[in-house]
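Asks: Let me give you the structure first, and then I'll get to my questions.
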Amino acid sequence: MGNSGMEELIPLVNRLQDALSSVGESSSFHLPQIVVVGGQSAGKTSVLENFVGRDFLPRGSGIVTRRPLILQLHIANTEYGEFLHCKGKKFTDFDEIRKEIEAETSRLIGSKKGISPVPINLRIHSPHVLNLTLVDLPGITKVPVGDQPADIEYQIRDMIMQYICNENCLILAVTPANTDLANSDALKLAKDVDPQGQRTIGVITKLDLMDDGTDAREILENRLLPLRRGYIGVVNRSQKDIDGKKDIKAALLAEKKFILSHPSYKHMAETMGTPYLQKILNQQLTNHIRETLPAFRSHLQGQFLALKKEAEEYRQYSPADPARRTKTLLQLVQRLAVDFEKLIEGSGDKVDTVNLSGGAKINRIFHERFPYELVKMQMRREINYAIRNIHGVRTGLFTPDMAFEAIVKKQISRLKGPCMKLIGMVGQELTTTVYQCINKLSSFPKLRDETEKIVTTEIHEQESKCREQVLLLIDIQLAYINTKHEDFIGFTNTQQMKDQSNKTGKAGNQVIHKGWLTINMGIMKGGAKEFWFILSAESLSWFKDDEEKEKKYMLPLDNLRLRDVEKGFMSSKFVFAVFNTESRNVYKDYKCLELACNSQEELDSWKASLLRAGVYPEKVAVTPENFTDPQLERQVETIRSLVDSYMSIIHKTIRDLMPKTIMHLMINSVKEFISSELLAQLYALGECSVLMDESPEQQKHREEVLRKHAALKEALAVIGEISTSTCTTPLPPPVDSSWIKSSRYKRASLTTHQLVPSNSLAIQLMFLLCQGDYGTTQ
């Protein structure tokens with residue numbers, strides 16, 4: 001019978017099914033198995049009961065099968081059933097098996113007509129069966145009835161697709177003979193996932209219920225709507241037979257008698273009926289298992305290797321062992337120190353490709369956000385008042401030094417705000433980075449909480465020290481105004497100083513920034529358009545794309561200023577604008593050019609780059625002072641130029657010292673604290689054993705990983721027992737199955753003879769292929 005050299009394949013796969021039951025549904029879907037698909041009342045239940053020779057499945061109206069039933073048939077000397085959820089209990093009464101299926105279904109999803117994808121595993125041992133594994137799914141329905149969910153049709157279809165999309169499963173498409181085959185939902189679903197027909201076997205039920213004068217001969221001969229594996233016809237018990245408790249053995253004899261006596265079927269009686277169907281399924285499933293085992297073994301090995309390292313760690317960990325707890329604490333703190341340093345230094349194992357974080361974000365704060373905060377402030381009116389207040393009631397002939405010194409000191413004092421803001425931003429990013437690392441300690445909640453408290457306290461302390469040091473640096477700058485500095489351009493070279501001030505950050509025509517920006521041209525002028533922009537020390541140019549071949553425009557930076565634009569309510573863009581201080585058009589007839597980017601980080605980066613190029617933000621509007629004294633006006637302009645020169649020196653010094661100070665006092669200190677002092681402070685708490693108490697979630701996860709690892713190991717061992725030295729016969733040749741594409745067929749029989757020629761030799765060859773031994777040993 002069948003594959004004599006591979007008789008144990010199906011039982012071994014059933015062992016795999018049991019071994020993988022703890023791994024989850026995803027692995028079960030990859031097992032080689034036969035999935036039974038059909039509409040309600042198609043006869044699926046009767047076919048399965050005929051295989052077993054017993055009444056054991058729930059019956060009734062509507063959806064009776066509400067959970068997948070994985071039915072494993074085993075040849076044995078005694079007859080009994082057993083459920084995976086009732087290990088060790090044998091059911092010898094098949095009525096009890098039916099009741100247990102109903103009870104287990106209700107236990108999970110209640111007594112209503114809903115469905116669940118969680119399967120029930122039933123194994124039946126009997127001398128009257130062949131080794132076989134089948135999955136019985138809920139029947140396809142169209143309209144919800146009673147208290148069924150409104151989307152019941154889609155729920156059932158989704159469940160069916162989960163199983164039949166698996167390349168390792170064979171599809172048993174069950175269709176009643178007294179319905180239009182071209183409208184078969186089972187065949188249509190099979191065609192969707194198996195367009196070549198390599199996995200689909202057709203079953204035609206209820207042959208005895210066809211109208212007088214009609215038969216299914218052309219279907220069974222695979223000439224009407226052909227399938228590559230062909231069709232097999234069976235006769236089920238009628239509802240009257242079931243109600244009358246007709247014995248299945250008697251029903252099988254009646255089936256055989258009907259086929260032999262029917263003029264349309266008697267010539268193919270050897271390839272019809274439930275016993276032949278069971279034999280063919282046994283042969284084809286055995287072949288299919290052998291063909292799919294290499295890929296399935298690779299799938300299991302991938303899962304096994306993914307869990308191996310974690311499982312080894314958990315296997316060595318003993319929650320009750322104090323020495324093991326101490327060692328784990330030490331390892332976790334060391335890992336925390338390494339992870340924190342990697343995030344700060346930029347050498348992490350996992351690189352974030354979506355957002356800046358850790359050291360990269362701090363770098364952006366240092367060199368893009370902070371310089372932008374140091375923009376020179378409006379001070380013309382202040383200089384005017386300072387000069388006039390210094391002269392008092394007298395009229396001065398010379399520019400007073402006191403006015404210059406007063407304005408410079410005020411400007412230096414204003415640096416405290418941006419510097420304190422910078423320290424706060426870096427401190428916040430350090431805290432975020434620490435949280436990111438500490439989240440890996442979530443398996444031990446108390447350890448995580450105490451570590452978080454200790455490290456954040458250290459960050460705040462170092463932040464406070466850094467603020468004190470920076471304030472000291474600013475006070476040092478205030479203590480002595482060094483007008484002899486080599487970079488300070490004095491009174492006699494004011495024009496040279498002006499030129500340098502206007503060209504701050506410019507060095508030739510070097511490229512400062514590149515990137516995509518969107519120009520908002522207004523709805524009437526074409527809307528928003530995206531271009532590739534290049535900012536150099538002299539101009540802002542944009543091109544059609546980043547190949548930089550087709551230049552659209554070049555805007556000189558002279559007299560340009562930067563203006564913030566409020567983000568629109570419906571806009572996801574971040575917008576800024578450039579304009580000319582002399583009220584000239586900057587582009588075509590635009591006096592102000594609005595530019596948009598995709599994130600706040602890009603906006604900050606462009607602003608900082610424009611600042612380097614000498615394009616400063618728009619100053620706050622100040623009422624112009626009417627100078628009636630030309631001498632006073634000259635004095636104001638002279639001091640403003642001198643202040644600009646001196647403050648450029650201060651800005652350069654602060655921009656250089658601030659990152660160094662923060663790096664030394666905050667970042668390096670926190671790194672050193674985590675790597676050398678954190679462990680000692682945790683020990684000082686005196687609760688090391690309590691710190692290493694696992695969370696309930698971690699305990700569950702650890703047990704789950706170990707259970708999955710053991711199950712996968714057992715499954716791979718089972719596969720290792722399988723010999724694949726036998727050979728199989730190839731699939732039948734392809735047939736024209738384009739018929740399962742639409743339901744436009746009113747009567748499929750109108751096109752029957754166009755599909756496959758009714759040639760007796762061709763039919764005989766097809767029968768020989770169907771009857772051939774699918775697993776002859778070498």
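The values are calculated or read from the model by the stated rules, or taken from the named source; none is laboratory data. Keep in mind it's a predicted model, so treat the numbers as computed, not measured. Heads up, the Cβs are rebuilt from the backbone with ideal geometry, glycines too, and the neighbour counts pull from every protein chain shown. Side chains included, ligands, DNA and RNA excluded: accessible areas come from the protein's heavy atoms. Shrake-Rupley method; radii C 1.70, N 1.55, O 1.52, S 1.80 Å.
Asks: Return yes when HIS299 is under 23 Å from HIS74 (Cβ atoms), modelled with pLDDT under 90 and within 44 Å of the chain's Cα centre (by Cα) and no when it is not.
Replies: no
Asks: Residue check: is GLN284 touching a residue at least 40 places away in the same chain (Cβ under 8 Å), in contact with a Pro (Cβ under 8 Å, 6 or more places away or on another chain) and of a type in the set (S, T, N, Q)?
Replies: It is false that GLN284 is touching a residue at least 40 places away in the same chain (Cβ under 8 Å), in contact with a Pro (Cβ under 8 Å, 6 or more places away or on another chain) and of a type in the set (S, T, N, Q).
Asks: For the stretch 233-273, how many residues are farther than 18 Å from MET210 by Cα and touching a Pro at 6+ places or on another chain (Cβ under 9 Å)?
Replies: Counting residues in the stretch 233-273 that are farther than 18 Å from MET210 by Cα and touching a Pro at 6+ places or on another chain (Cβ under 9 Å) gives 1.
Asks: As an exercise: evaluate GLY302 against (1) outside the structural domain of GLY230 (by the TED database); (2) open to solvent by 60 Å² or more (accessible area, probe 1.4 Å) and give the number of the one condition it does not meet.
Replies: (2) is the only condition that GLY302 fails.
Asks: Quickly run through the stretch 143-163 and pick out the residues that are among the acidic types (Asp, Glu) and either touching a Lys or Arg at 6+ places or on another chain (Cβ under 7 Å) or in a loop (DSSP other than H, G, I, E, B) (or both).
Replies: ASP147, ASP151, GLU153
Asks: Failed condition for LYS266, given (1) closer than 28 Å to PHE56 by Cα; (2) open to solvent by 20 Å² or more (accessible area, probe 1.4 Å); (3) not aliphatic (A, V, I, L, M), with all others met?
Replies: (1)
Asks: Still on this structure, I have one more. Quick one: GLY2 ticks every box in (1) modelled with pLDDT under 70; (2) open to solvent by less than 10 Å² (accessible area, probe 1.4 Å); (3) farther than 22 Å from ILE109 by Cβ bar one, so which box is it?
Replies: So the condition that GLY2 fails would be (2).
Residue-wise test of (1) modelled with pLDDT of 70 or more; (2) assigned to a helix (DSSP H, G or I); (3) in contact with a Lys or Arg (Cβ under 7 Å, 6 or more places away or on another chain); (4) open to solvent by 20 Å² or more (accessible area, probe 1.4 Å).
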position: THR628; (1), (2), (3), (4): no, no, no, yes
position: THR638; (1), (2), (3), (4): yes, yes, no, yes
position: SER641; (1), (2), (3), (4): yes, yes, yes, no
position: THR653; (1), (2), (3), (4): yes, yes, no, yes
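Asks: Let me ask something additional. Within the stretch 436-453, track down each residue that is at pLDDT 90 or above and over 20 Å from ARG325 (Cα atoms).
Replies: LYS453
Asks: Going through the stretch 224-243 one residue at a time, which ones are farther than 19 Å from ILE259 by Cα and in contact (Cβ under 8 Å) with a residue 12 or more places away in the chain?
Replies: Across the stretch 224-243, the qualifying residues are LEU224, LEU225, PRO226, LEU227, ARG228, ARG229, ILE242.
Asks: Considering only the stretch 113-157, how many residues are among the small types (Gly, Ala, Ser), farther than 25 Å from LEU281 by Cα and modelled with pLDDT of 85 or more?
Replies: Final tally of qualifying residues: 1.
Asks: Let me ask something else. How many residues, within the stretch 701-716, are open to solvent by 40 Å² or more (accessible area, probe 1.4 Å) and either of a type in the set (Asp, Glu) or at pLDDT below 80 (or both)?
Replies: Looking only at that region, the number is 4.
Asks: Could I ask something else about it? Given the residues THR751, THR724, which is the only one that is part of a helix (DSSP H, G or I), more than 30 Å from THR451 (Cβ to Cβ) and either open to solvent by less than 80 Å² (accessible area, probe 1.4 Å) or at pLDDT 70 or above (or both)?
Replies: Result: THR751 is the single residue among THR751, THR724 that is part of a helix (DSSP H, G or I), more than 30 Å from THR451 (Cβ to Cβ) and either open to solvent by less than 80 Å² (accessible area, probe 1.4 Å) or at pLDDT 70 or above (or both).
Asks: Is it the case that LYS342 is open to solvent by 70 Å² or more (accessible area, probe 1.4 Å) and either under 30 Å from LYS361 (Cα atoms) or not in a loop (DSSP other than H, G, I, E, B) (or both)?
Replies: Against the criterion (open to solvent by 70 Å² or more (accessible area, probe 1.4 Å) and either under 30 Å from LYS361 (Cα atoms) or not in a loop (DSSP other than H, G, I, E, B) (or both)), LYS342 does not qualify.
Asks: Can GLN278 be described as in a helix (DSSP H, G or I), within 36 Å of the chain's Cα centre (by Cα), under 30 Å from LEU172 (Cα atoms) and not aliphatic (A, V, I, L, M)?
Replies: no
Asks: Something else: Return the residue satisfying two criteria in turn: it lies in the stretch 381-413 and is loosely packed, with under 15 Cβ neighbours inside 10 Å and among the basic types (Lys, Arg), and of such residues it is modelled with the lowest pLDDT.
Replies: ARG394
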